[in-house]
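Beneath this line is the structure, given in structure tokens, with notes to follow.
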Amino acid sequence: MFRKNEEYRQEKLDSTVKRLPESMKKELENDWSSTFYEYVFCKIDEEKFAVLYDQEGYSRPNKPVNELVCLEIMKSTFDWSDDQLRKEYFFNLRVNYALGREEVGEETLAEKTLNNFRRRLLEYEKETGRNLMKEVFKDVRDELMDEFKIDGSLQRMDSTMIEANIKNLTRLDLFVRVLHNFLNDLHDDELEKIPDEIRKFKDEENLNLAYRLKKEEAEKKLEELAEYTARIKDRFEDDEKYNELKSFEHVCRVLDEQCYRIPELEDDEEYEKEKEDEDERPWEPVKKWGKSEEEKENDDNEKDQRKNVELKDPEDISSGSLQNPHDDEATYREKNDERYQGYKANWCETCSKDNPFQIITDVDIDTNNTEDADMLESSVEELSDQTSLEDLLNDAGYSGDDVENECDNNDVIQHFSGIKGSSVDENERIPLGEAQFDGHDMLECPEGHHLVDKSIIQINNGTREGSKKKRVIIVN
């Protein structure tokens with residue numbers, strides 16, 4: 001049952017805070033906890049979260065929503081584990097003061113309470129598309145910008161990689177882990193029907209199989225594991241008891257992303273046409289379950305017949321493919337010769353020199369193979385409407401026809417800090433610092449050419465016709 005938190009508004013006659021010496025009270029009033037209480041905790045609209053709870057009133061009242069939201073913010077800010085978060089809630093006066101409490105140890109906090117709240121948030125976002133935590137962020141942002149007269153017309157944007165907390169798996173490791181997880185989800189009676197050569201991957205000891213194999217052995221074992229995985233997929237794809245499991249979803253996904261069916265490798269005009277259209281064909285039956293008597297008598301013949309899948313070349317595997325079943329949303333990316341598995345955070349922040357302080361106006365999280373330009377394109381309209389963004393400082397990764405058109409449509413001008421393109425040899429690089437400036441105006445370019453004309457002209461797709469005005473510097 002949803003119940004709004006009103007207790008913090010009632011001042012107590014006696015409390016730990018009231019018993020503090022005056023000097024300590026003054027320090028507490030100037031502490032981060034006091035600022036947090038006033039500008040975050042008190043600004044949270046709990047009514048938004050009522051949809052997460054039973055409306056009939058037959059269940060126990062909820063833990064105060066503004067406390068749970070703020071605890072999530074503190075956990076991320078201070079990089080606490082759930083165990084540490086609970087200890088801080090129990091024993092840290094500053095944490096309690098930030099939550100409108102003047103005592104410690106007044107309330108309990110079960111780990112299940114935190115997990116249930118997160119689960120409700122995720123399920124609600126999946127059903128409705130509304131991210132309630134992000135709405136809290138925007139509400140606090142708008143309050144701060146309004147109260148402190150923060151100018152949002154000039155902002156800067158950048159992105160950073162977020163490494164997923166997962167083990168970097170080889171292709172062999174990935175197949176082994178996916179098989180292991182599904183086999184452990186099978187009931188014992190069903191597991192007994194699985195051939196011995198596949199059933200052994202239920203054991204933990206086979207999770208480190210890659211470390212015990214030589215390179216040529218690993219390549220052969222990988223082909224076998226692809227076949228085993230295909231047989232598992234073929235056996236259970238019509239079994240409603242198992243085909244809706246997350247572990248079975250990973251079985252199907254790793255096959256689709258890592259392998260071809262043998263018919264796809266043959267001269268098939270229909271398949272080639274579909275391949276050009278990037279359409280996927282459904283998996284056809286791979287192999288009947290178990291061995292025939294004839295196959296048992298001739299292992300070589302059985303080996304030839306079981307070849308039903310072929311591994312894709314590494315360059316043909318999407319960066320969005322499954323990296324580790326423990327975090328199936330993490331993706332792969334190479335940037336500046338570094339390899340990343342995980343996500344990307346995109347940030348936008350005010351940067352006007354007249355602001356009393358700068359605040360973050362937008363945060364987006366996506367897979368790390370998402371382009372910067374796509375993240376800006378999806379957020380620029382909202383930033384323009386809600387924060388009065390006019391000029392945006394960013395790097396050239398945010399360039400492109402679609403995003404620049406979207407910026408133009410919302411009267412936002414991008415100011416790029418670099419040029420996107422192939423790397424230039426250090427000996428051929430022309431430092432921007434070699435240009436001659438008079439304040440903000442360029443007098444001479446790095447090549448030594450003098451400025452002959454600087455004017456405002458209208459440009460649209462390379463012509464002088466259009467509605468947007470851009471400054472163009474023409475050198476001789």
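A few notes on this one:
- Helices (runs of 4 or more DSSP H) wholly inside the stretch 182-247 that include at least 1 residues being in contact with a strand residue (DSSP E or B) (Cβ under 9 Å, 6 or more places away or on another chain): 215-236
- Check on G320, among the small types (G, A, S), in a strand (DSSP E or B) and either farther than 30 Å from I150 by Cα or without any contact (Cβ under 8 Å) to a residue 24 or more places away in the chain (or both): no
- Close pairs (8 angstrom Cβ cut-off, 6 or more residues apart or separate chains): assigned to a loop (DSSP other than H, G, I, E, B) in the stretch 52-64, of a type in the set (S, T, N, Q) and modelled with pLDDT of 90 or more anywhere: K63/T113
- One residue stands out among those in the stretch 10-37 that are part of a helix (DSSP H, G or I) and in contact (Cβ under 8 Å) with a residue 24 or more places away in the chain: the one that is farthest from V136 (Cα to Cα), which is L28.
- Selection from the stretch 393-446 of residues that are modelled with pLDDT of 75 or more and either loosely packed, with under 10 Cβ neighbours inside 10 Å or in a helix (DSSP H, G or I) (or both): A396, G397, Y398, D401, D402, V403, E404, N405, E406, C407, D408, N409
- Lone qualifier among T128, T113 - being among the polar types (S, T, N, Q), in the same structural domain as T35 (by TED's automatic domain parsing) and touching a Lys or Arg at 6+ places or on another chain (Cβ under 7 Å): T113
- Residues of the stretch 213-223 satisfying the condition of being in contact with a Lys or Arg (Cβ under 9 Å, 6 or more places away or on another chain) and at pLDDT 90 or above: L222, E223
- Only residues that are surrounded by 15 or more Cβ atoms within 10 Å (Cβ to Cβ) and acidic (D, E) were counted in the stretch 377-389, giving 2.
- Filtering E377, E329, E371 for residues that are without any contact (Cβ under 8 Å) to a residue 40 or more places away in the chain, under 20 Å from K167 (Cα atoms) and among the charged types (D, E, K, R) leaves a single hit, E329.
- Residue in the stretch 140-171 that is nearest to S378 (Cα to Cα), counting only those that are surrounded by fewer than 19 Cβ atoms within 10 Å (Cβ to Cβ) and touching a helix residue (DSSP H, G or I) at 6+ places or on another chain (Cβ under 6 Å): V140
- Checked against the criterion of being more than 28 Å from the chain's Cα centre (by Cα) and under 29 Å from Q386 (Cβ atoms), the candidates F137, F148 yield just one match: F148.
- Some residue of the stretch 349-357 being surrounded by 15 or more Cβ atoms within 10 Å (Cβ to Cβ), acidic (D, E), assigned by TED's automatic domain parsing to the domain that holds S159 and assigned to a strand (DSSP E or B): yes
- If only residues of the stretch 364-376 that are touching a strand residue (DSSP E or B) at 6+ places or on another chain (Cβ under 8 Å) and in a loop (DSSP other than H, G, I, E, B) are counted, the one that is surrounded by the most Cβ atoms within 10 Å (Cβ to Cβ) is N368.
- Within the stretch 1-32, restricting attention to residues that are exposed (fewer than 15 other Cβ atoms within 10 Å of the Cβ) and hydrophobic (A, V, I, L, M, F, W, C), the residue that is nearest to V95 (Cα to Cα) is W32.
The values are calculated or read from the model by the stated rules, or taken from the named source; none is laboratory data. Quick caveat: nothing in here was measured; it's all calculated off a predicted structure. Note: ideal-geometry Cβ built from the backbone for every residue, glycine included; neighbour counts use all protein chains shown.
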